[in-house]
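Right, one structure below, let's go through it.
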Amino acid sequence: MKRIVCFICLGVLIVGGTAAWMQSPQPKPYKVVFDLTSSDPVDQQAVIRWIKEVSAVNPKTEMEVVMYGRGLDLVVSGKTTMMSDVAEAMSAGHAKFNVCAIAMKNQKVDKSQLLPNVQTVPDGIGEIVAKQNAGWGYIKVGH
């Protein structure tokens, strides 16, 4: 009788352990800032793709795209070809898009030219450094 009880207990442990081992743990949310300085469509598509992929695996992850230099083109009406993708990323709450006010001034871009809900920051580089100091991960968008 003791033998049967031991086999039953062993079987329960093996089945329970195997089931726990086979389940993949949910990744912990994190915070990441993307640095976009390029008007290259490949780079712009990459950052949108990354936002979609990360949010699909880990929807609680906080993401921010900071654009300066030619990166502004992603969110300027009349220049972007990804308006609906940017809007979708923002409306789903997966990412914020912030534009450097210095770059806007240098390129003569007015806030009214930005896509809806795109925000400005005084200094794009300063925004990225502040995010890093607050523990955010950093990804330079490029190929």
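The values are calculated or read from the model by the stated rules, or taken from the named source; none is laboratory data. No experiment lies behind these values; they were computed from the predicted model shown. Neighbour counts are summed over all protein chains in view; Cβ atoms, including those assigned to glycine, are modelled from backbone coordinates with ideal geometry. Each accessible area value is taken on the protein alone, full model and side chains, heavy atoms only, with ligands, DNA and RNA left out. Shrake-Rupley method; radii C 1.70, N 1.55, O 1.52, S 1.80 Å.
Please determine whether any residue of the range 69-92 is in contact with a helix residue (DSSP H, G or I) (Cβ under 6 Å, 6 or more places away or on another chain), within 16 Å of I139 (Cα to Cα) and hydrophobic (A, V, I, L, M, F, W, C). No.
Condition check for T18 on (1) over 20 Å from G126 (Cα atoms); (2) open to solvent by less than 90 Å² (accessible area, probe 1.4 Å); (3) out of contact with any strand residue (DSSP E or B) (no Cβ under 8 Å at 6 or more places or on another chain); (4) modelled with pLDDT of 90 or more: one failure, at (4).
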